[in-house]
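S.K.: The structure follows.
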Amino acid sequence: MVKENSKTETIKKRAIYVYLSSLDMAQRWKSLAEKGGTSISKFVIDHVENSLGQEEGDYKPRIEFIKRVKELEDEVLGLRKEKRMLEIVVDRLESELRHYRAQPFLEESFQGVRRYEKDLVELLQRKGMVRSDEILGKLGIDPSDSALIKAVNRQLENLEGYGLVKVVPGGWKWSG
């Protein structure tokens, strides 16, 4: 019971009564507090403390924070656009690289060393058995790109000729 009395006493000692110049001003403050989701006491405390901080020199007005947030949002938007653009460029370059690497497997009269798609060999080694349709997906090959599909099939046939893979129902199995 002593605690309750002391708590009540401190509340009374901390209370300040403010008489505003008009009922309209009082209603406006209450409305702003409600709109901000806070009590009128908290609303007044926040605004008074902000004002005092301004006088002490370590205060940054809310408008500066809003401005900074807007700048950061604009920067994020710009970076997202740049990221999308770079992703498109990377996709195009990867596609060109796949076509370049596939070229030796598409030319019937090619002479020289053919470089096998490292990702294809690693995929077969790692998974053991891979479905034919899964190979295209894992290598990022568009199913409508007949030249790349032909190049992959030739690589698989050559690997089969070397005894590294064998055809199994629905796919290929690593045996190297």
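S.K.: Of all residues being acidic (Asp, Glu) and exposed (fewer than 14 other Cβ atoms within 10 Å of the Cβ) in region 129-156, which is nearest to LEU97 (Cα to Cα)? Just the residue, please. It would help to see each step written out before you state the result.
M.R.: Taking region 129-156 as the starting set, the residues that turn out to be acidic (Asp, Glu) are 133-134, 142, 145.
Filter once more, so that each one left must be exposed (fewer than 14 other Cβ atoms within 10 Å of the Cβ): 133, 142.
Values: ASP133: 21, ASP142: 14 Å.
Checked region 129-156; the qualifying residue nearest to LEU97 (Cα to Cα) is ASP142.
S.K.: Which fully enclosed helices (runs of 4 or more DSSP H) of region 1-89 have 1 or more residues being at pLDDT 90 or above and surrounded by 10 or more Cβ atoms within 10 Å (Cβ to Cβ)? Before the answer, list the steps.
M.R.: On the way: elements: 2-14, 23-35, 40-56.
In region 1-89, 23-35, 40-56 are the helices (runs of 4 or more DSSP H) which contain 1 or more residues that are at pLDDT 90 or above and surrounded by 10 or more Cβ atoms within 10 Å (Cβ to Cβ).
Table: residues versus (1) under 37 Å from the mean Cα position of the chain (by Cα); (2) under 30 Å from ILE16 (Cβ atoms).
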residue	(1), (2)
GLY36	yes, yes
VAL48	no, yes
GLU56	no, yes
LYS70	yes, no
VAL89	yes, no
PRO104	no, no
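S.K.: Same structure, new question: Looking only at region 123-135, which residues are closer than 12 Å to TRP172 by Cβ, not in a loop (DSSP other than H, G, I, E, B) and not hydroxyl-bearing (Ser, Thr, Tyr)?
M.R.: The initial filter retains those residues of region 123-135 that are closer than 12 Å to TRP172 by Cβ, namely 123-125, 127-135.
Right, trim to not in a loop (DSSP other than H, G, I, E, B) and you get 123-125, 127, 129-135.
Across region 123-135, the qualifying residues are LEU123, LEU124, GLN125, LYS127, MET129, VAL130, ARG131, ASP133, GLU134, ILE135.
S.K.: I'm checking my understanding of the structure. Among residues of region 115-128 that are surrounded by 15 or more Cβ atoms within 10 Å (Cβ to Cβ) and over 19 Å from ASP91 (Cα atoms), which one is farthest from the chain's Cα centre (by Cα)?
M.R.: Restricting attention to region 115-128, the residues satisfying the condition of being surrounded by 15 or more Cβ atoms within 10 Å (Cβ to Cβ) are 116-117, 120-121, 123-124, 127.
Within this subset, residues satisfying the condition of being over 19 Å from ASP91 (Cα atoms) are 116, 121, 123-124, 127.
Details: TYR116: 33, VAL121: 31, LEU123: 27, LEU124: 31, LYS127: 29 Å.
Per the criteria, the residue is TYR116.
S.K.: Mind checking which residues of region 79-102 are closer than 16 Å to LEU139 by Cβ and of a type outside the set (D, E, K, R)? So that I can check it myself, show each step before the final result.
M.R.: To start, the set of residues in region 79-102 that are closer than 16 Å to LEU139 by Cβ comprises 90-91, 93-102.
Once the filter is applied, which keeps residues that are closer than 16 Å to LEU139 by Cβ and of a type outside the set (D, E, K, R), region 79-102 yields VAL90, LEU93, SER95, LEU97, HIS99, TYR100, ALA102.
The values are calculated or read from the model by the stated rules, or taken from the named source; none is laboratory data. For clarity, every value in this text was computed on a predicted model and none was experimentally measured. No Cβ is skipped: glycine too gets one built from the backbone with ideal geometry, and neighbour counts run over all protein chains shown.
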